[in-house]
Amino acid sequence: MTLAAGDAGAGPLLVGWARLAVAAPCLLAIAIVVRARPTVAPARGDGLALAAAGAAMAAYQICYFTAVTLTGVAVAALLAICTAPLMIALLAALFLGERLTPTVRVSLGMAVLGTALLVIGPRGPGEIAGRSVLGALLALGAGLSYAVYAVSTKRLLARAAPLPLAAATFTLAALLITPVLLAEPSVRRPLTEGWPLLVYLGVVPTALAYILFTVGLRRVPATTAGVVSLLEPLTATVLGVMVFGESLGVMGMAGATLLLAALLRLTRAG
């Protein structure tokens with residue numbers, strides 16, 4: 001996103017759309033080539049769960065990237081990424097019957113706190129305070145959207161193979177998010193100049209990443225997947241330090257250590 005915005009002037013909503021628009025045909029093509037099929041016949045309510053997953057993935061792009069423009073990256077990441085695992089745990093307990101064991105509870109708390117320190121650390125509390133209320137609500141909406149996607153997908157994985165499920169979800173999401181391009185002031189130039197980066201964003205950190213996420217989600221509880229997915233902001237922070245020369249700070253280093261300790265604790269317990 002940093003490179004696309006700097007080199008091609010791509011807006012956040014355009015990037016969100018491009019991720020899905022590129023990922024969807026890639027996932028469909030792969031599903032056709034490998035002839036992936038559902039494992040068992042669909043059950044009642046699976047259509048609604050698929051619709052919820054697709055709508056949630058589209059809503060995440062709109063809520064998160066709009067929140068970034070209103071509040072900045074720090075606040076959007078703090079609210080969206082840190083609340084998502086908590087919302088996943090709540091929804092998984094309500095709709096999937098997952099139990100929060102003491103180990104998962106402690107790991108969840110450690111991971112969320114560590115991620116918060118990781119996000120705030122390089123910037124300081126001053127950059128977090130006094131931001132747009134609407135942006136903050138949209139960031140929370142992004143966290144909820146991601147939680148709905150994860151829990152709906154987990155339900156469907158009891159009967160569907162990961163690859164066709166990801167293909168169907170992202171195709172629906174891409175169709176639903178297309179109208180947001182009307183809100184972008186400039187589309188042609190960013191697409192023309194930034195298409196290599198946009199294709200990369202759609203293929204690698206979207207299509208490939210969500211294939212891996214869906215395959216993993218089939219094997220672990222949704223709550224565990226939500227906690228482990230907090231490696232995303234840690235990876236982004238490390239890349240920010242290594243590639244863009246950003247500073248982590250003492251608070252950020254403490255957060256990274258706490259997050260890694262939580263993930264290690266969760267892995268050993270599993």
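Couple of notes before you dig in:
- Count - residues of the stretch 210-219 that are among the hydrophobic types (A, V, I, L, M, F, W, C) and surrounded by 15 or more Cβ atoms within 10 Å (Cβ to Cβ): 3
- Filter result for Val250 (open to solvent by 20 Å² or more (accessible area, probe 1.4 Å) and either of a type outside the set (S, T, N, Q) or in a helix (DSSP H, G or I) (or both)): yes
- Residue selected from the stretch 19-37 under the condition in a helix (DSSP H, G or I) and modelled with pLDDT under 90, by the criterion surrounded by the fewest Cβ atoms within 10 Å (Cβ to Cβ): Val33
- Subset of the stretch 62-100 [open to solvent by 50 Å² or more (accessible area, probe 1.4 Å) and under 18 Å from Thr267 (Cβ atoms)]: Leu100
- Members of the stretch 84-101 that are at pLDDT 90 or above and either under 16 Å from Leu263 (Cα atoms) or assigned to a helix (DSSP H, G or I) (or both): Ala84, Pro85, Leu86, Met87, Ile88, Ala89, Leu90, Leu91, Ala92, Ala93, Leu94, Phe95
- Subset of the stretch 61-82 (residues that are farther than 18 Å from Gly226 by Cα and of a type in the set (S, T, N, Q)): Thr66, Thr69, Thr71
The values are calculated or read from the model by the stated rules, or taken from the named source; none is laboratory data. Everything numeric in this text was worked out from a predicted model, so none of it was measured. FYI the Cβ positions are ideal-geometry reconstructions off the backbone, even for glycines, and counts take in every protein chain you see. Surface accessibility is based on the protein's heavy atoms, side chains included, excluding ligands, DNA and RNA. Shrake-Rupley method; radii C 1.70, N 1.55, O 1.52, S 1.80 Å.
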